[in-house]
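Report on one structure; see the data block that follows.
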Amino acid sequence: MSTSIFDLDHERFVVAEERLHMPRREFLQFCATVAATLGLPAGAEAAVAEAVATARRPSVIWLHFQECTGCSESLLRAEHPTLEKLILDVISLDYHETLMAAAGHQAEAARKSAMAANKGKYILVIEGAIPTKENGIYCKVGGQTAIELTKECAADAAAVIAIGSCASWGGMPSTVPSVAGWDSSPTGSAGVAEILGKPVVTIPGCPPNPYNFLATVVHFLTFGTLPATDKLGRPLFAYGRLIHENCERRAHFDAGRFAMAFGDEGHRKGYCLYKLGCKGPETYANCPAIGFGDAGENNWPVGCGHPCIGCTEKGVGFTKPIHTVAKMLNVAPPLQYPRIDEPIGKGASFASAAALAAIAGAAAGGAAMLARNLGLSHQAAELEKAKEAKPKAEA
Amino acid sequence: MSAQVHHAKPAPVGGPLLNAVTLTAGVLIAIMAMILLVRFFYGLGSVTHLNDGYPWGIWIVVDVMIGSAFACGGFSVAMLVYIFNRGEYHPLVRPALLASLFGYTLAGVAVIVDLGRWWNVWNMYWPWSANPNSVMFEVAICITLYIIVMWIEFAPTFFEKFGMNEAKRRLSKIMFLIIALGTLLPMMHQSSLGTLWVVLGQQVHPLWQTPVVPLLFLLTAIITGYAVVLFESCVASSAYRRSIEMHLLTPLAKVMLGIVVAYLVVRFADLLWRGVLGLAFAATLEALMFWLEMACFFGVFLVIGTAAQRRNPARLFLGGILLMLGSSLLRLNGFLIGYDTGGGYQYFPSLTEILVTVGMFSIEVLGYVVITRRFPVLPREAAHA
């Protein structure tokens, strides 16, 4: 199976080429990128290519609630030349309020028919937080509240994916105003899992990296299951490590080289942004590993010189002030450091040299006495023997 | 084993356990215990002169390297008796084994004492943490196994004492396997201890760093084993006022000298072949120590070179000491004196380090006295004495 990827004239790829209007080379490049993002072993790109090429496109219902559409934008505005084609072709986007041509009741009808036609097989993607105060009247589509829509669409979905920080836990809309008396956001914004009362796959980020979303969908396409997640529902392939662990500026952190102010010498030299409030040490995401926007290395907030704001992490992004210093999650500084002036050792002290000499003396003395006694008794024994054998009187 | 029947059965020597020797040993052990208490509460740095350039000192080189070489008597004699089928040496096996038992068990203890983070030691035996490519790992596992094997090998002594005849009978059925292991394991790790110098590379002076050092270590371990038997028999007979088994020690000394010749041939052939013998004539501490070491190995021929000389127990005693000294110097020279990690590091043992090493050897002496007096180890004295 893994060799079929080299068979570029394979019928499936020819069909995919026509369908996607993209060269096969680019198509396979995309598949390899997705496989790598997922952290799949070498050879898996073949499975991904097969899955994508065979056009088992799952129907996707995409709901928008309290959000800015940044997640959709990031998917569509990716710099990769034909990514948007793939997004619209890898999946069958049957309902997406921003992208669909239909409007009004026509649009709602399209959603209902797509749900009925793909009952139990479609993927539900939710973008945006869900307001809960006053029975959720702050966000309505077609007369239904976001809560009602979420529950209705999730009922028959094969999988539910919450894209973006808002859908993941409430995100920016859930931020509690820093005014006395407030203990929740004005609209009581919540994430999808809270509304459904069960865990869902979340792709937090503001916006999230489009590859993390695509890779999750392609994983579902290829293996029929959603990828393994952490306890917050974030796929481990993308959110398994702290940003701090893979950060390109990490060496500066370890060496104690920090930018102290925007535009200072350290900042211009690309030093660590920890002291400017970078939340990399307490934020799980693969940003330093895959970057943003297909624009090459270093194209992500920290790479551009801005501290990470922790947008993928509930309780950090949109909650902690941007320039507050992060809490170190896994790199607790040691209680003590090795000495810089490592001692190179001492010569013999009087006490130890004297002790050694005493031991050597005692041993030598003891051995000499013992040897002397042994010799004497040997001599005596020889004499005895000589006496017994009279003729040999010599000792 | 066939010759066993004709030998005097081993029997406890008897006599008081409390005397000048055991009392002195006890005091030295108590001093060691106090120093080790400090070491375990305040770390190695509080009682040793170890540093980054000399991560091991006399606790490893003397207690483990030299101590385990001294403890090769059991294996050397067992090899002679069981592998080369020289049954006449059988009465020497148990006393030699006893010394080995203490030597190795204490070497194991000394390693733990010397480990900075000794509480991690279990990782060595945990297959998922073990590193089978490491020489140290081989040595550690091999020595651990050998300590267990030796206790089993020595177990009949305890069975006899406590009248556990059934257990003794059962054990004797698989004893051949234990003895084979007890010969194989020390050959493996004694040579691996030498391999450490191969691994240390240029940090070890060229007079000692050579690819054949595993063979040198193995040969000197066997030589030391026989030397210790000579030494121990003389001391035991002197201390317990027993007759010496000269009819065994005299031919044993000849076997030993044969191996010394083989060792010297290998040693000098290697030095010549690598073209480093010239370094032995430089005015350095290493060259001086090299000749001291060599003097021990050559000197032994002056002491017990002739058949007549080998019949004199005093000469056998001195010959044994010379070879023990020679093998010790070989290890001391390569591991400490000819060992230079650069950067100006130096090492000389602290008083507390010396006292702990003394304490370790005191345990051996005390244990030997207690066990030979109370357990059947030494052959029963003939009625005439």
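Checking A:Val176 against (1) in contact with a helix residue (DSSP H, G or I) (Cβ under 7 Å, 6 or more places away or on another chain); (2) under 23 Å from A:Glu134 (Cβ atoms); (3) in a loop (DSSP other than H, G, I, E, B): exactly one of these is not met. Which one?
Here A:Val176 meets the rest and fails (1).
One residue is enough: does the stretch A:196-209 have a residue meeting the conditions assigned to a helix (DSSP H, G or I), farther than 29 Å from A:Leu329 by Cα, touching a residue at least 24 places away in the same chain (Cβ under 8 Å) and hydrophobic (A, V, I, L, M, F, W, C)?
yes
Does A:Gly191 meet the test of being within 21 Å of the chain's Cα centre (by Cα), surrounded by 19 or more Cβ atoms within 10 Å (Cβ to Cβ) and at positive phi?
Values: within 21 Å of the chain's Cα centre (by Cα): yes; surrounded by 19 or more Cβ atoms within 10 Å (Cβ to Cβ): yes; at positive phi: no.
For A:Gly191, the condition - within 21 Å of the chain's Cα centre (by Cα), surrounded by 19 or more Cβ atoms within 10 Å (Cβ to Cβ) and at positive phi - is not met.
Tell me yes or no: at least one residue of the stretch A:211-223 is in a loop (DSSP other than H, G, I, E, B), closer than 25 Å to A:Ala49 by Cβ and under 16 Å from the mean Cα position of the chain (by Cα). Please lay out each step first, then the result.
Narrowing the stretch A:211-223 to residues in a loop (DSSP other than H, G, I, E, B): none.
Looking for residues that are in a loop (DSSP other than H, G, I, E, B), closer than 25 Å to A:Ala49 by Cβ and under 16 Å from the mean Cα position of the chain (by Cα), one finds none in the stretch A:211-223, hence no.
Condition test on B:Ile321, is it crowded, with 18+ Cβ neighbours inside 10 Å, within 10 Å of chain A (Cβ to nearest Cβ) and not small (Gly, Ala, Ser)? Reasoning before the result, please.
Numbers: crowded, with 18+ Cβ neighbours inside 10 Å: yes; within 10 Å of chain A (Cβ to nearest Cβ): yes; not small (Gly, Ala, Ser): yes.
Yes; evaluated as a whole, the condition is true for this residue.
Yes or no: the stretch B:229-239 includes at least one residue that is away from chain A (no Cβ under 14 Å) and exposed (fewer than 15 other Cβ atoms within 10 Å of the Cβ). Working first, answer last.
Quick first cut of the stretch B:229-239, residues away from chain A (no Cβ under 14 Å) only: B:229.
Still in the running and exposed (fewer than 15 other Cβ atoms within 10 Å of the Cβ): none.
No, because not a single residue in the stretch B:229-239 is away from chain A (no Cβ under 14 Å) and exposed (fewer than 15 other Cβ atoms within 10 Å of the Cβ).
Out of (1) within 13 Å of chain A (Cβ to nearest Cβ); (2) assigned to a loop (DSSP other than H, G, I, E, B), the odd one out for B:Glu381 is which?
Result: B:Glu381 fails condition (1) only.
Please find, among A:Glu382, A:Glu342, the residue that is free of Cβ contacts under 8 Å to residues at least 24 places away in the same chain, in a loop (DSSP other than H, G, I, E, B) and within 14 Å of chain B (Cβ to nearest Cβ).
Details: A:Glu382 fails: in a loop (DSSP other than H, G, I, E, B).
Selected residue: A:Glu342, the only one of A:Glu382, A:Glu342 that is free of Cβ contacts under 8 Å to residues at least 24 places away in the same chain, in a loop (DSSP other than H, G, I, E, B) and within 14 Å of chain B (Cβ to nearest Cβ).
Quick one: is A:Gly170 surrounded by 22 or more Cβ atoms within 10 Å (Cβ to Cβ), in the same structural domain as A:Asn135 (by TED's automatic domain parsing) and touching a residue at least 24 places away in the same chain (Cβ under 8 Å)?
Taking the combined requirement at face value, the residue satisfies it.
Of these, B:Gly53, B:Gly87, which one is surrounded by fewer than 22 Cβ atoms within 10 Å (Cβ to Cβ), within 14 Å of another protein chain (Cβ to nearest Cβ) and of a type in the set (Gly, Ala, Ser)?
Numbers: B:Gly87 fails: within 14 Å of another protein chain (Cβ to nearest Cβ).
Criteria check complete, one pass: B:Gly53.
Going by the conditions given, is B:Ala20 buried (at least 20 other Cβ atoms within 10 Å of the Cβ), over 25 Å from B:Ile337 (Cα atoms) and either basic (Lys, Arg) or within 14 Å of chain A (Cβ to nearest Cβ) (or both)?
Answer is no for this residue.
If I ask for residues that are within 19 Å of A:Asn330 (Cα to Cα), assigned to a helix (DSSP H, G or I) and of a type outside the set (A, V, I, L, M, F, W, C), which ones from the stretch A:242-274 would you list?
Correct list: A:His244, A:Glu245, A:Asn246, A:Arg250, A:His252, A:Asp254, A:Tyr274.
State yes or no: is A:Asn299 in contact with a Gly (Cβ under 7 Å, 6 or more places away or on another chain), at pLDDT below 90 and either more than 14 Å from chain B (Cβ to nearest Cβ) or not in a loop (DSSP other than H, G, I, E, B) (or both)? Steps first, please.
Numbers: in contact with a Gly (Cβ under 7 Å, 6 or more places away or on another chain): yes; at pLDDT below 90: yes; either more than 14 Å from chain B (Cβ to nearest Cβ) or not in a loop (DSSP other than H, G, I, E, B) (or both): yes.
In short, yes.
Of all residues in the stretch B:274-298, how many are within 14 Å of chain A (Cβ to nearest Cβ) and closer than 20 Å to B:Val255 by Cα?
Step one: of the stretch B:274-298, the residues within 14 Å of chain A (Cβ to nearest Cβ) are B:285, B:292, B:296.
Filter once more, keeping what is closer than 20 Å to B:Val255 by Cα: B:296.
Selection size over the stretch B:274-298: 1.
Determine which member of the set A:Val34, A:Val52, A:Val14 is touching a Cys at 6+ places or on another chain (Cβ under 8 Å) and at pLDDT below 75. Can you show your working first?
Values: A:Val34 fails: touching a Cys at 6+ places or on another chain (Cβ under 8 Å); A:Val14 fails: touching a Cys at 6+ places or on another chain (Cβ under 8 Å).
On inspection, the qualifying residue turns out to be A:Val52.
The values are calculated or read from the model by the stated rules, or taken from the named source; none is laboratory data. Keep in mind that this is a model prediction, so the values were computed, not measured. All Cβ positions, even for glycine, are placed from backbone atoms using ideal geometry, and neighbour counts span all protein chains on display.
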